[in-house]
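The values are calculated or read from the model by the stated rules, or taken from the named source; none is laboratory data. From a predicted model like this one, the values you see are computed outputs, not experimental measurements. Don't worry about glycine lacking a Cβ; one is built from the backbone with ideal geometry, like all the others, and counts go over all protein chains shown.
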Amino acid sequence: MGIMPFIPKILDPVPGGKTIVNMVDYVVNWARANSLWPLTYGTSCCAIEMMSSSMARYDIARFGSEVFRDSPRQADLFIIAGTITERMAPAVQMLWEQIPGPKYSIAMGACTISGGPFRYDNYAVVRGAEQVIPVDVFIPGCPPRPEALFHGLLKLREKIMKESSRNVWKEGALSESEERNRYKEAALAWAELEKIKDEEMALAREQFKTNPPENYVPYKAVRVQKETFPEIERVNIQTQGKSVEELFKIAETYESDIKIFDESSDILDIVVSKEKYFHLANSLKNDENIKLDYLIDITAVDWNDHFDVIAQLMSTKFGHKVFLRVALSKKEISDETKATSILASLESLTPLYPAADFKEREVYDMFGIYFENHPDMRRLFLDENFKGYPLRKDFTHPHIIPKPV
């Protein structure tokens, strides 16, 4: 803030000093309001609209904000453009603290302001940027267009122009308001408006019946005849590499105790036991006739009584694909600790496919399936102390607000 707070103390007692202070305030505020330098940081989707505002069509340079800074220490405006997750919140707070004052922030978009469509039935989204950092201007929309961002900049200008060295800038406070069920409030308000509209329309209908317009011709609905199209025979897509039958015969030579999960699938989806899963994957990778040398993905499905772990493999040489599916029974655990416990385990494919590292960590993070002999079995997206596994059917979290029906 420099010497600005001391100027009124020095000049106010002097005749005409208050006018000089007002002039200095005006010049300083004018310079500050017309040279807001935003931080180059986008939290989610609204960042696309923020980026387009700096292009030639919209030209944010007209407002003195063309200098997007890469360092928070050189910025004085933080445009929060999009959803803020719980994992992202500490980084947002850290960046805000590194921006020197006086500094300002704009919350851009519905997700930034209240959580938007992710407000309900969600455990990972911050419901409002003002719970993380102080916010000066809110711009609603999903997403708001660049014109709305410019309107927000103009409103921020007005706020800056009202500042004074007699009442120096202070960082705002965070929101500590209690959670409100805005969805239900909006539904009730909408129902009241619909009721009023129905009453008005009922009166208008009665007036129309008693005194119709002179040129009124009653509309008679005409049923449109449904057009019938000839049935087109399905053409099987030419698959790359070996056929499903050939791949299954080769797989049977290594493990006889396997079966096809879906007979109608264009890709071989075979079910293998937990004990033979790693051995079969190893054999199919090293067999020169099938050569499944590329791991596409590893994912899981939570059924009521078991998990399905699916490894999606591909041959870069031939082009064919194979899905390895393993059914893992859930451990019998008390209901009190079931939602936060490891219920199944499986041999890791990282010795065969290094790319399985992050894939298996994601399955562990979201389903609580432990992979044995994995080199780094830690959570990937969530904190280590996070309780529960979000993609399981038994997952609950105190941060979740159920969406009213």
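Can you tell me which of 242, 291 is within 24 Å of residue 354 (Cβ to Cβ) and surrounded by 14 or more Cβ atoms within 10 Å (Cβ to Cβ)?
291
What number of residues within region 271-315 satisfy the criterion of being within 19 Å of residue 344 (Cβ to Cβ) and part of a loop (DSSP other than H, G, I, E, B)?
Residues flagged as within 19 Å of residue 344 (Cβ to Cβ) and part of a loop (DSSP other than H, G, I, E, B) within region 271-315 amount to 8.
Residue check, residue 69 against (1) under 19 Å from residue 135 (Cβ atoms); (2) basic (Lys, Arg); (3) touching a Ser or Thr at 6+ places or on another chain (Cβ under 9 Å), all met but one. Which one?
Here residue 69 meets the rest and fails (1).
Is there a residue in region 185-204 that is among the aliphatic types (A, V, I, L, M), in contact with a helix residue (DSSP H, G or I) (Cβ under 9 Å, 6 or more places away or on another chain) and modelled with pLDDT under 90?
The answer is no, given that none of the residues of region 185-204 is among the aliphatic types (A, V, I, L, M), in contact with a helix residue (DSSP H, G or I) (Cβ under 9 Å, 6 or more places away or on another chain) and modelled with pLDDT under 90.
Among the residues of region 294-308 satisfying the criterion of being among the aliphatic types (A, V, I, L, M) and over 14 Å from residue 353 (Cβ atoms), which is surrounded by the fewest Cβ atoms within 10 Å (Cβ to Cβ)?
301
Scan region 269-311 for residues that are free of Cβ contacts under 8 Å to residues at least 12 places away in the same chain and of a type in the set (Phe, Trp, Tyr) and jot them down.
303
Limited to region 264-285, what total is found for residues that are more than 21 Å from residue 243 (Cβ to Cβ) and of a type in the set (S, T, N, Q)?
2
Of these, 359, 387, which one is outside the structural domain of residue 290 (by TED's automatic domain parsing), more than 15 Å from residue 273 (Cα to Cα) and of a type outside the set (S, T, N, Q)?
Of the residues listed, the single one that is outside the structural domain of residue 290 (by TED's automatic domain parsing), more than 15 Å from residue 273 (Cα to Cα) and of a type outside the set (S, T, N, Q) is 387.
Restricting to region 38-80, name every residue that is under 14 Å from residue 157 (Cβ atoms) and surrounded by fewer than 16 Cβ atoms within 10 Å (Cβ to Cβ).
The one that is under 14 Å from residue 157 (Cβ atoms) and surrounded by fewer than 16 Cβ atoms within 10 Å (Cβ to Cβ): 62.
Given 68, 118, 78, 63, which one is in contact with a helix residue (DSSP H, G or I) (Cβ under 7 Å, 6 or more places away or on another chain), aromatic (Phe, Trp, Tyr) and at pLDDT 90 or above?
78
Report, by residue number, each residue of region 142-153 that is over 11 Å from residue 60 (Cα atoms) and either assigned to a helix (DSSP H, G or I) or out of contact with any Cys (no Cβ under 8 Å at 6 or more places or on another chain) (or both).
145, 148, 151, 152
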